[in-house]
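Since the structure comes first, as structure tokens, the remarks are kept for the end.
The values are calculated or read from the model by the stated rules, or taken from the named source; none is laboratory data. Predicted model, so just to flag it, every value in this text is computed and none were measured. Note that each Cβ is placed from the backbone with ideal geometry, even for glycine, and that neighbours are counted across all protein chains shown.
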Amino acid sequence: MIMLSQLSEELKGGSSEEYVSRLFEKIKKSRLNGFTTLAEKSALLAAREFDRSPGTGRLAGVPIAIKECISTRGIETNCSSRILRGYVPPYDAHVVERLKSEGAIIMGKANMDEFAMGTSTETSCFGPTKNPWDTTCVPGGSSGGSAAVVAGGEAPAALGSDTGGSVRCPASFCGIVGLKPTYGMVSRYGLVAYANSLEQIGPLTHTVEDTALLMEVIAGHDPRDSTSVGTKSYSFLSGLEGGVSGMRIGIPQECFGEGVDRQVEKAVWQAIHTLEGLGASWQTVSLPHTRYALAAYYVIAMSEASSNLARFDGLRYGLREGEDKDWHTTFSAIRAQGFGPEVKRRILLGTYALSAGYYGRYYLKALKVRTLIKQDFLKAFGQVDILASPTMPIPAFKIGERINDPLSLYLADVFTVPINLAGVPAISVPCGFAGRLPIGLQLIGPHFGEATVLKAAQAFESATSFHERSPEVV
Amino acid sequence: MEDVIIGLEIHVQLNRLASKMFCGCSTAYHNCQPNSHTCPVCLGLPGSLPVLNKKAVEYGIKVGLALNCKIEEETLFYRKNYYYPDLPKGFQISQYDYPLATAGHIMILGDDGAERNIRINRAHMEEDPGRLVHAGTIDKAKYTMVDYNRCGMPLLEVVTEPDLCSPKEARAFLDKLKSILEYLEVFDGSLEGAMRVDANISLKGGDRSEVKNISGFKGVEKALSYEITRQRNLARRSIKVVQETRHFDEIRNITVSIRSKVGAHDYRYFPECDLVVLRIASWVPAIREALPELPDAKRERFVRQYGLADDHAKSLTSEIRVANFYETVAKMAAPRLAAVWIADVLKGELNYRDMAIDAFRAEDMAEIVQMLDEKKITEDGAVQIIRSLLDKKGGSPQEVVAALGLGKAEGDAVQRAVREAVAESGAAVADYRAGSERALNFIVGKVMKKTKGKASAAEVHRLVKEEVDRA
């Protein structure tokens, strides 16, 4: 394994083009189905340019995979949905601009659940991505492609997006690091919206240091996103080695119990004890309203989605099939053909929840629950510095095992969605294995507490070797 | 009309802003290529986000204050969800709860000639959708094109209470609103689609119909008049008015049903999370401070300061440009005379030619008023100068006077003509001396003929009388 900063230095020897070509060769032979669109030509061109003149960017020459739902100028951006096939954006997302300005090379787009709606990357119109640790298992979702290509050695790093766990879940299932930043820390300009009040773009990398580096590149205020806050740039690397001595860790009592896999529970407790051994202390805390989190999350996310996805009508871009009739018939036909069943389910439920007479009963109530959950977190952070929990209650499950049981899929998000509702940052780091399958530890910080979370994650990673293991995929 | 109840919803484009509501695109799209004034944001491309034009909110507050509204402490935006090809996001960013301004009022001249207070329910901000261009008429077009240049234009929707009693009052309200908006310099009414009106109308005791998207104030009057007749006819035949939305057909001057309220839209309003809640209370004092003098205040001042008649003051203040024009002239020439000539003559001549006040130079007007005041020209001559200048037939008023020989005949010339005329009119002089005052008119007519109408008739009458009496 090689750090991104180190990789960038090594590539300055003039071998970027060769390195990028090797990755593309590997991807083409891969069984993971992690990439949807490869930007081979432009990536090789950029690599050749880098070899001629490496520049001073902090990610100079480093190839990076971008989740399907992040807008890339000149590279198809379809959110793994039929309805957006053929849409090539005329503009780069803020995060892509930032990556490019630091010299990173955009490799292509990574597979995902259609419109980020899923926990398994099985709802993609390109078919499921496979988990590199066991190709009969899912990689998690919705940023499953991003996680799988990093874990599988097809890209040194990737960007994902996290609406209810979509970065942390696949990071956990694929044994890598994934961070969901504080809401407002990273500009969403160019992120195709699923549930815009909940989601953030976050890095997926092999190491905590790489995540810190990518965060330094992508975080910071962007005037094009009114919800982006804070200063223009942040420093995460400088305090990374600060250690956890004296750090108070809260263990939400709601996070262990029914539904949590025994091996997961064991690995996470071991991780907590590791941190304790490094000088941290722990205590149980309570987040009493998190039991309503899943219900509130799905009402809010689906409501927002029903509106966010209304623009896909085939009129200006994307799918346009069949004979044109009057606009209403044509829009309906395109949406019926273009959206997959999970997306339709969420649009219908969200539309229902926002309807006159139901708004107060569902959406408004969910917002109230959201406020209570946020208060739970604020209260907990009055007592402790960070919270620790399993990222996912289970290790990766088999492809096809749960796809026809949406409720059991939704339940898997139980530890990740409260974080999005509260808007706080959380990281998933590898903390063990259940057989061949990785287990993730989730460390949660207060609003804008990324530095603390990264510091704790770094301390844990330095004391353990889970991140050094690689899957053997062909 | 005591039984008529009318309420208006007026969509005002804040078209004096340089950029659109939520993106940096220019608002100067009129007469430009379709879809040339667009970007990822106003086209609603996947991943784009709105950024509020702060100036648009300031303009909105300005209007709210001018309409005597209460400005909310905080305001926020909502999504209004519906599908239509001119709406690229599938929702319109609008306001719902906590609109910018509520509970205002303005005064209009009512049908009975008295001032009437018309209450404003609210004024809220939203983005304009694009524009559909049908290949042919709306019902027969083979295809339709969409132009998104207008998409994202800042709109202010002003909603009245149902306080208006006739189409004429509706018109008076719109005139007043337009006047205020132009005073505030937030609005240019001359641009296409700058103001669109939805009118709700019912007869007492009946259900209401809503006539949507009427452009032009005459259109509003006509549509409402048609609706009153239609609803009265229904009532006469004991048929209930259906609550519905109707379209005003400008060519046939009728309204036609487009949908009944039974299948009314559920717009599923909910807060737009891509924008943050705006605390605007602190903006208000500075905006209030900077408010210009509004039409009513200006009218009162004109009466006070220049001693004008109320109707002249009203006529001069209904349009800010006319008011400014008048004040410029009033600085250079007799204010009361200037008021009469601008309000009664110049405005009429401009109207007739479909011209705006800026087609005439204030300096020219001042010169004309001065010449009138000094009796250098006749009233008839002044009208001719104005017409000639408007029709671009001359340079300065002086030049027109010279060219057309409009200078008032004076002194010697008139005296000579009087003497000649008296000498030539022995019979008339005899009649006069016999006691017929009217006989002098014959002589006056002769003098006028000799001076080619350039002399003042009253003056000539006096001179003739003197001449005859002296002889």
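Details
- Which numbered condition residue A:344 fails, given (1) in contact (Cβ under 8 Å) with a residue 40 or more places away in the chain; (2) assigned to a helix (DSSP H, G or I); (3) within 28 Å of the chain's Cα centre (by Cα): (1)
- All positions within region A:12-64 that are in a loop (DSSP other than H, G, I, E, B), under 28 Å from residue A:87 (Cβ atoms) and not hydroxyl-bearing (Ser, Thr, Tyr): A:31, A:32, A:33, A:34, A:39, A:59, A:62
- Residue match in region A:202-224 (condition: surrounded by 24 or more Cβ atoms within 10 Å (Cβ to Cβ), in contact with an Asp or Glu (Cβ under 6 Å, 6 or more places away or on another chain), at pLDDT 95 or above and not β-branched (Val, Ile, Thr)): yes
- Among the residues of region B:58-99, those identified as in contact (Cβ under 8 Å) with a residue 60 or more places away in the chain and within 23 Å of residue B:297 (Cβ to Cβ) are B:58, B:59, B:60, B:61, B:62, B:63, B:65, B:66, B:67, B:71.
- Pairing residues of region A:209-237 that are in contact (Cβ under 8 Å) with a residue 40 or more places away in the chain and away from chain B (no Cβ under 14 Å) with residues that are β-branched (Val, Ile, Thr) and in a helix (DSSP H, G or I), at Cβ distances under 6 Å and at least 6 apart in sequence or on separate chains, gives A:218/A:95.
- Restricting attention to region A:162-188 and to residues that are more than 14 Å from every other protein chain (Cβ to nearest Cβ) and part of a strand (DSSP E or B), the residue that is farthest from residue A:222 (Cα to Cα) turns out to be A:177.
- For the residues B:287, B:251, the requirement of being touching a residue at least 24 places away in the same chain (Cβ under 8 Å) and of a type in the set (Val, Ile, Thr) singles out B:287.
- Residue match in region A:196-203 (condition: in a loop (DSSP other than H, G, I, E, B) and touching a Cys at 6+ places or on another chain (Cβ under 7 Å)): yes
- Summed over region B:127-179, residues that are assigned to a helix (DSSP H, G or I) and in contact with a strand residue (DSSP E or B) (Cβ under 9 Å, 6 or more places away or on another chain) total 10.
- Residues located in region B:87-104, provided they are more than 10 Å from every other protein chain (Cβ to nearest Cβ) and on the phi < 0 side of the Ramachandran plot: B:92, B:93, B:94, B:95, B:96, B:97, B:99, B:100, B:101, B:102, B:104
- Answer from B:145, B:195, B:153 - the residue that is in contact with a Ser or Thr (Cβ under 7 Å, 6 or more places away or on another chain) and among the hydrophobic types (A, V, I, L, M, F, W, C): B:153
- As a summary of the residue check, residue A:331 satisfies the conditions (1) crowded, with 17+ Cβ neighbours inside 10 Å; (2) under 25 Å from residue A:76 (Cα atoms); (3) in contact (Cβ under 8 Å) with a residue 24 or more places away in the chain except for the one numbered (3).
- Filter result for the condition that a residue is more than 14 Å from chain A (Cβ to nearest Cβ), at negative phi and either touching a His at 6+ places or on another chain (Cβ under 8 Å) or loosely packed, with under 15 Cβ neighbours inside 10 Å (or both), over B:234, B:308, B:316, B:291: B:291
- Residue list for region A:65-90, restricted to those being over 27 Å from residue A:103 (Cβ atoms), more than 12 Å from chain B (Cβ to nearest Cβ) and part of a loop (DSSP other than H, G, I, E, B): A:80, A:85, A:86
- Checked against (1) in contact (Cβ under 8 Å) with a residue 24 or more places away in the chain; (2) in a loop (DSSP other than H, G, I, E, B); (3) within 14 Å of chain B (Cβ to nearest Cβ), residue A:159 passes all but a single condition, namely (2).
- Taking the criterion of being more than 30 Å from residue A:420 (Cβ to Cβ) and at the interface with chain B (Cβ under 9 Å from one of its Cβ atoms), the only residue of region A:292-315 that qualifies is A:315.
- Counted residues, region B:119-162 - those being closer than 25 Å to residue B:272 by Cα and of a type in the set (Phe, Trp, Tyr): 1
- Annotation: of all residues in region A:334-350 being surrounded by 17 or more Cβ atoms within 10 Å (Cβ to Cβ) and farther than 20 Å from residue A:421 by Cα, the one that is farthest from the other protein chains (Cβ to nearest Cβ) is A:342.
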